[in-house]
1. I'd like the mean, over residues of A:75-87, of how many other protein chain beta carbons sit within 10 Å of each residue's own Cβ.
2. With the crude spin-label approximation of a point 7 Å out along Cα→Cβ, what separation in nm comes out for residue B:34 versus residue A:134?
3. Over segment A:90-153, what is the mean sequence separation of C-alpha contacts under 8 Å (at least six apart), divided by residue count, expressed as relative contact order in percent?
4. Provide the FRET efficiency to the nearest 0.05 for the residue A:72-residue B:78 pair, computing r from the beta carbons and using R0 = 25 Å.
5. For chain B, what is the relative contact order in percent, using Cα pairs closer than 8 Å and at least 6 residues apart in sequence?
6. In percent, how large is the relative contact order of chain A, given Cα pairs closer than 8 Å and 6 or more residues apart?
7. With a 10 Å Cβ neighbour count serving as the proxy for reagent exposure, in which order, fewest first, do B:173, A:37, A:168 appear?
8. For peptide B:14-21, what's the mean number of Cβ atoms from other chains within 10 Å of each residue's Cβ?
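Rule-based calculations on the coordinates, nothing more; no lab input. Keep in mind that what you see is a predicted model, and the values were worked out from it rather than measured. In this analysis, Cβ positions are derived from the backbone assuming ideal geometry, glycine residues included, and neighbour counts consider all displayed protein chains.
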């Protein structure tokens, strides 16, 4: 819980009706770490990310983002977060520039016009900046979504299955961005069930199953892929107990 | 200051989107035009019936056209999960409510102004001598309708049959508004105008507005939270 900790999750529980989505989760992510949350669909990865971003209020427990108690000051907490998901959060009726401008206004960014122009240029969307997003390809939309999520230079980047539905070019671009962010010392927490992307620079892999943290691994994605496959085979869907 | 600038950003976004698509305004105006035309065929202009039933007809058109528009107000937010994008911003979620409510209010007022002109034209209804009071009644009634409607549109947007759910939830809650605006409008256009009656119902509307603009501002966090 020092100033060097980007995320602290303590004893978090979340129930949807009678179904537990997160069961007594505790985890700490130091600044600059790249952490991947692994697990099947429904393991609680997305819910955990949403609890971190305070989109979902936990039934129990507390979350601190970059020193801010997110339940007590969600607005200050969210200033420090950028979320990239398979949904783009973009308004299709607005142009790329207007989408970024809206985001800049909501964040109260100074020098918004220059920052928006720089972000569009970095995303390779200069020529399409004043076209409505509705006409963009999935890859272009995802590039814009990444530009939007990082326009305010968040200390913590959360990614929820960001590779879903991306074509090869867009997936490579996202992998490249992840490498850049990791190299720049930005804290990254990514949820995925798919290890085929060959992620680089990951400090820790946290395995979730049925709302609980099962285990943590370190190592490169090739080694973790084998372990994860063995876990999935040893713990088939519908089996009652949690296994290491 | 930050709250108001974020509210203005959301309001501008909604108005810009509507300017591009014209989804809400077109559906409200088309519906309003059809209803007014149907009643134009049913009732003689200048007739006693239209004097008697005019305020009711007018507000029935406003309310049902408004329901159509209100239904659309959160539908656009569901595409690409854009609402979640707003929620992820460092904004007080009440400013999301206020921005969207003000956008709905402006669009409803614009549609109502056009429908009112058509009504006056087709039924030869003399609204112009009392247009100032009519504008005040319309504003108070529409504010109450938009404030509750925006809240309930957010609630019903997450249900499977949102287009059915919204009227079912909204109409009973805005019954005091419907009653007050119809009676205030009738008193305004009575010959001679019954001003004490009109003022009484305008006070009822103002009280309703104060309650139902404040209440959603305090509860909108719980509506958005999953």
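1. 3
2. Going from the residue B:34 label point to the residue A:134 one covers 2.2 nm.
3. 48
4. After rounding to 0.05, the efficiency reads 0.25.
5. In percent, rounded to a whole number, it is 25.
6. Relative contact order here is 25 percent.
7. A:168, B:173, A:37
8. The shielding value for this peptide is 3.
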